[in-house]
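Encoded as structure tokens, the structure appears first; notes follow it.
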Amino acid sequence: MHRLRTLLIRFVLSLLWLSCATLVHSQHSSRLLSGVVIDSAGAPVANADIAFDSSSGTAHVMSNESGAFSLTVPADAGLLRVSSPGFLTDTVSISRDSFRSSLEVRLMPAPIAARLDVLTNQDRIPAVANNQFAVSNRELEVAGAQTIDDVLRQVPGFSLFRRSGSLSANPTSQGVSLRGIGASGASRALVLLDGVPINSAFGGWVYWTRLPRVSIESVETYIGATSDFYGSGALGGAINLKSRILDQTFIDTETSMGNKVTPAFSFLSGISLGVWTITASGQALRTDGYIPVAKDQRGTVDTPAGTADISGSITLARALPQSGRGFVRLNSFGESRENGTPIQLNNTRNASIDIGADWTAERIGDFSFRAYGGGEIFNQNFSTVTANRNSESLTNVQHNPSQQLGAAFQWRLSSIRHNSITAGIEGRDVRGHSAEDTFNAGRTTAHIDGGGRQNSLGLFAQDTLQVRSWVLGIGTRVDRWTNRDGFSERVPVTGSPTFIDFPDRSESAWSPKLSIWRSFANGFSVGGSIYKAFRSPTLNELYRSFRVGNVVTAANASLSAERLTGGELGGSFRGLSDRLTLRSNFFWNVIDDPVANVTLSTTPALINRQRQNLGAIKVQGIELGGTISVSKYCEISSEYLLTSSKVLRFPASLLLEGLVVPQVPRNQVNFQVTYVAKRWSAGAQGRLVGQQFDDDQNLLPLKKFFSLDAEVSRKVSSRASLFLAAQNLTGVRYEVSKTPVLTVGPPALFRVGVRVSNLGK
């Protein structure tokens, strides 16, 4: 196995080197395709990403400052795909006759959830995009990782609660952290799909395996506090996944098989009926998984951590005047997981509906509306394992149902010269509870239940003013939320029951943001911003206790919101005819009352913790990154993140002051290489993660590691391509957690598959 892994590494690296060093000449005749990219107001869109896909290959170029573009493409008919941060991706079918005239591509404003940064969306000042990282469709296609969360690990500072990915991790550990602000089960970043939040309404984590790879057009990540637009949940940033939208009849599929018995199938299909389109997507994925406990600590109870997932959605959409669009989408997701022992199991059922519309009213502006609702049932078993790990016994069985309703409305006026105004309103209602039976020696000891309801309402506005090379952005948002109907009940088999009726509690938050940037003629841009942000605790943190190994963490109904105050200074450079981009950023944040798992007592058999508001943590660091287009086929990028994240104060336990925040490495380095040509495509993504701690007392360090993912694919026809992908190609069994039993990451994972595309041909 080691020899095979070594040969694969050499093969992939050799292919990438030769691909970047050698120009591949097309054997087909070619012609010049030219045009201009503009926004809904007729203003040029600079630096838009233009890709032309045909049976002969892919051509790629960026629009210039005037929105104009031209590229040499094969004379075949194909599909022109135009995208830019802050806009909906537009696709144009190109026939042979289209080469004779210049094209005009009009991009419409992105929906509510894509409002990553109005400055970037409207004014196209490069420096403003310092914190924005886009993973394009082309990068998704050559990423060796199988799930979206593992693909996003190439974004600097992106991590889940633990180092493991969604293929093997318990759902409650799949919350997102960005920029070292401290990982937790609940995300400190908001994740959205086409404008609709997909974080669990009850716990804040994300079910990453519900997202079919072939249905995602691109992923935009904004690193840094964005509560001024998104409110709670966006303490560390926002991630927007954009679905592919094609107004024609088509079907795309991806089928693969990997080691550890890992079959997967996903599809995206659509039917065009004039102004109406019907789109369906789905994914079925399962894996036997691997044994997460380190080999030298395993016992007879240790089994592989595997999963079986199935998801699907169907969307009915209608074209609206002036390139608008309305849609209704039904979603369903089911999951069944094994978590490393025979008893520790969990399953999830989720169903939801999304309704949206985007339209433009002449002289009034652009409008977006989103409404969503759904229900989720999350069930989980916990156990206690003996010290020699040769036996286990059931301790808890949990049943966690929850429901949510939400809506958001946004208006944007960009027709005023040098000025762009955005305003909106957003509301959400979440209710849920955690019903639990406890056991001892196989017998039921008590029934425990706890839960409540949370209502929230937010109003936001932003004004962006551009005067020559200066851009000034002022944003503000006010939120108010109420925790209602909270309760905790314990009914023992023997003894008296207890019931606590928690009083209703309300909190408010003001999230302002001020940004100023300046660009220079030589390609340099500099700027900075100051801001406030917040995150309200989830129902899961308030009312649900949980167990991981021999660590028990209790809920806390008295938790208050986390509040962040921070700022950043940065700069960027674009040169070599826009083929080279460099960026840097220094940031500092102070988070008051962060929610953390605080250790209360420790024994050889059990560690007791409780969610508590720490006094404050301080996070500061430096981001460095760069991208270079070696040729029209090959691109290389890299990012480095240096983070210092420490407990600033905690009066309840002075021993924690000055210690490193758990799950935050000091150093992270990522690099990506992509190569896309006529027949061959390849990519590699490397990640170096420094040492971090698994506990608040810094007694359980996790060693640094390096991991490499890669993929190679080849077109075998105009519609089909074969691929070979590898995850953790180095095979390092990196440390994931110490509870205090050591668990490790996956071995090298390989898969082979076929992609079939039929875009209405």
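With respect to the chain, whose longest principal axis is taken over its alpha-carbon atoms, helix 2-21 is tilted by about 30°.
How much length is gained if the chain between residue 255 and residue 390 is pulled fully straight, taking 0.36 nm per residue apart and subtracting their Cα-Cα distance, in nm to one decimal? Working shown, then result.
Values: separation 135, 0.36 × 135 = 48.60 nm, distance 3.84 nm.
Length gained between residue 255 and residue 390: 44.8 nm.
If you take the alpha carbon radius of gyration of region 166-218 and divide it by 2.2 N^0.38 Å, what ratio comes out, to two decimals? Mind showing how you got there, number by number?
Numbers: Rg = 11.3 Å, N = 53, 2.2 N^0.38 = 9.9 Å.
Normalised by 2.2 N^0.38 Å, the Cα Rg of region 166-218 equals 1.14.
Here is the list for region 479-540: chymotrypsin sites (Phe, Trp or Tyr not before Pro) lying in DSSP coil, each with at most 13 other C-beta atoms within 10 angstrom of its C-beta, are 520. Enclosing the Cα atoms of region 206-289 in their convex hull gives a volume equal to 125 cubic angstrom per residue.
Of interest is the spacing of the C-alpha centroids, which for region 307-368 and region 633-666 amounts to 33 Å. Using the Karplus relation 6.51 cos²θ - 1.76 cosθ + 1.60 with θ = phi - 60°, the per-residue 3J(HN,Hα) values for region 471-483 come to 10, 10, x, 10, x, 8, 8, 10, 10, 9, 9, 10, 8 Hz, with x marking Gly and Pro. With a simple spin-label model that places each label point 7 Å from the Cα along the Cα-to-Cβ direction, the separation between residue 508 and residue 487 comes to 3.1 nm.
The stretch between residue 447 and residue 558 holds 37.8 nm of extra length on full extension. This uses 0.36 nm per residue minus the Cα-Cα distance. Remark: the chain carries 39 Å² of accessible area per residue (probe radius 1.4 Å; ligands, DNA and RNA excluded). In order along region 431-445, the phi-based Karplus estimate (6.51 cos²θ - 1.76 cosθ + 1.60, θ = phi - 60°) of 3J(HN,Hα) comes to 9, x, 8, 10, 8, 9, 10, 9, 9, 8, 6, x, 10, 5, 10 Hz; Gly and Pro are listed as x.
Here the label points at residue 336 and residue 271, each 7 Å from Cα along the C-beta direction, are separated by 3.1 nm in the simple model.
Can you tell me, using C-alpha contacts under 8 Å and at least 6 residues apart, the relative contact order of region 636-761 as a whole percent? That works out to 17 percent.
Step by step: find N for the chain, compute 2.2 N^0.38 Å, then divide the Cα radius of gyration by it. What's the final number? It would help to have the intermediate numbers written out before the result.
Numbers: Rg = 25.4 Å, N = 761, 2.2 N^0.38 = 27.4 Å.
That works out to 0.93 for the chain.
Each 5 Å bin from 0 upward holds the following percent of the Cα-Cα pairs of region 349-459: 2, 10, 13, 12, 11, 9, 9, 7, 7, 6, 5, 4, 3, 2, 0. A helix-only calculation puts the chain at -1500 deg cm²/dmol for mean residue ellipticity at 222 nm, using -39500 (n - 2.57) for each DSSP H run of at least four residues, averaged over all residues. Taking only the C-alpha atoms of region 399-458, Rg followed by Dmax gives 22.1, 73 Å. Across region 553-615, Cα pairs under 8 Å and at least six residues apart give a relative contact order of 38 percent.
Each residue, residue 522 and residue 31, gets one label point 7 Å from its Cα in the Cβ direction; the gap between the two is 4.4 nm. For residue 93, put the label point 7 Å out on the Cα→Cβ axis and report which residues of region 228-259 keep their amide N under 20 Å from it. Backbone N within reach: 244-253. Couplings 3J(HN,Hα) for region 143-148, derived from phi with the Karplus relation 6.51 cos²θ - 1.76 cosθ + 1.60 (θ = phi - 60°), are 7, x, 5, 8, 10, 4 Hz, where x marks Gly and Pro. Among the listed pairs 295/704; 242/646; 532/646; 242/738; 704/738, those with a Cα-Cα distance over 25 Å are 242/646; 242/738.
To put it simply, the accessible area of the chain at a 1.4 Å probe is 60 percent carbon and sulfur.
Tell me, what is the FRET efficiency for residue 291 and residue 102 to the nearest 0.05, using R0 = 51 angstrom and their Cβ-Cβ distance as r? It would help to have the intermediate numbers written out before the result.
Values: r = 60 Å, r/R0 = 1.18.
Given R0 = 51 Å and the Cβ-Cβ separation, E is 0.25.
Between residue 628 and residue 699, what FRET efficiency comes out of the Förster formula 1/(1 + (r/R0)^6) with R0 = 35 Å and r the beta carbon distance, rounded to 0.05? With R0 = 35 Å, the Cβ-Cβ based efficiency is 0.25. Computed extension gain for residue 465 through residue 413, at 0.36 nm per residue and net of the alpha carbon distance, reaches 17.5 nm.
The values are calculated or read from the model by the stated rules, or taken from the named source; none is laboratory data. From a predicted model like this one, the values you see are computed outputs, not experimental measurements. As a convention, Cβ positions derive from the backbone with ideal geometry for all residues, glycine included, and neighbour counts pool all protein chains shown. Heads up: the accessible areas ignore ligands, DNA and RNA and are worked out on the full protein's heavy atoms, side chains in. Shrake-Rupley method; radii C 1.70, N 1.55, O 1.52, S 1.80 Å.
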